[in-house]
1. Given H placed 1.01 Å from N in the peptide plane, which residues other than close sequence neighbours of LEU139 have an amide H under 5 Å from its amide H?
2. If packing is taken as the mean number of other Cβ atoms within 10 Å per residue, what is the order of 78-85, 110-117, highest first?
3. Looking at the square roots a ≥ b ≥ c of the eigenvalues of the Cα gyration tensor of segment 213-291, which shape do they give, rounded for a/c under 1.5, prolate if a/b is larger than b/c, or oblate?
4. Give me the number: length gained by fully extending GLN208 to GLU265, i.e. 0.36 nm times residue separation minus the C-alpha to C-alpha distance, one decimal in nm.
5. Starting with the fewest neighbours, write out THR72, THR10, THR120 ranked by other beta-carbon atoms found within 10 Å of each beta-carbon.
6. Roughly speaking, what is the centre-to-centre gap between segment 1-45 and segment 253-289 when only Cα atoms are used, to the nearest Å?
7. Quick one: if the Förster radius is 35 Å, what FRET efficiency do GLN35 and VAL163 give, using the C-beta to C-beta distance and rounding to 0.05?
8. Label point 7 Å out from SER96 along Cα-to-Cβ: which residues of segment 192-232 have amide N under 12 Å?
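Please treat every number below as a calculation from the coordinates, not as lab data. Computed from a predicted structure; not experimentally measured. Neighbour counts are summed over all protein chains in view; Cβ atoms, including those assigned to glycine, are modelled from backbone coordinates with ideal geometry.
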Amino acid sequence: MLIQLSEKTTMERQAWLQHAISPRPICFASTIDAQGKVNLSPFSFFNLFSSNPPIVVFSPSRRGRDNALKNTLENVLEVPEVVINIVDYNMVQQVSLSSCEYPKGVNEFEKAGFTQMPATSVRPPLVKEAPIQLECKVLEVKSLGETGGAGQLVIAEVICMHVADEVLNEAGTMIDQRKLDLVARCGGNWYARVNAHHLFEVEKPNTQLGMGIDALPYNIQRSQFLTGNHLGQLANLTAIPDIDPAYSDDQLKNIVQYYAINPTEMEQELHRHAARLLDQGRVADAWQVLLSGG
Ligand SMILES: Cc1cc2nc3c(=O)[nH]c(=O)nc-3n(C[C@H](O)[C@H](O)[C@H](O)COP(=O)(O)O)c2cc1C
């Protein structure tokens, strides 16, 4: 199905794009107006765009219904500072509540039941319940249009961040990704939860060039048992490894003995076995199995 965005209404475009560009991290933005009135609202059009300087961008759009500016945007135009609170699973229902369109001047900390804590370098308060808070100065607001739904990019520099001790690694030197229980926004009413159960690692040596899938032997590239993920793992090595005569496992021995008279079936069984090893992250073993086919 081909979706021509120009033929869709703003709401339809938003729905198609939000389901596809998903999950999106949530910026829970605490801002303040010139009179010192605090506002707190979530924005999932948000990400990190630079580390040097450390820049994040989020976008409170013009309201689709009446084209009004969101209170958060008005506030950062008055006081160019924001605290971006990172949202975890324990907070998600209250965060959603805070996205109700309360009139300007209503403090969503109170409406949604969060606790204000003073920041060190900016005026808007931190959300105490958040596992991480980023204190930011707004550098620029870039309007993407004047009509309803038009994004208003708030480009902000992160001055400092607060990280709860409970989400640090044992040495206290870095955030332990598994200790955070982050949530992200998907399409419609869907959210995603990212904790130790859902996390996995992809090995990527950035000092060496992976040989590439085009450098794999043709029978491996065309294998009906090895998926794109398997080929990606195999091709992440710099070169095809040498055969290790000492390598052996029971399954490999059985395959070699049993299918000795049928090389085609032997190759299929070796590929199946290699696929299982790759699913366990055993790339070196998988290579030895594949090389055993001769
Ligand atoms: C998880 C979540 C993410 C949201 N992301 C955005 C967004 O990226 N941009 C936007 O304009 N509104 C977004 N909204 C809606 C705003 O939070 C909502 O319009 C809110 O009332 C704005 O508050 P304000 O007028 O006090 O700034 C989101 C709502 C939720 C619950």
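1. ILE155, ALA156, GLU157
2. 78-85, 110-117
3. prolate
4. Result: 17.0 nm gained on full extension.
5. THR120, THR10, THR72
6. If we compute the Cα centre of each part, the gap is 48 Å.
7. Computed FRET efficiency for GLN35 and VAL163: 0.65.
8. 192
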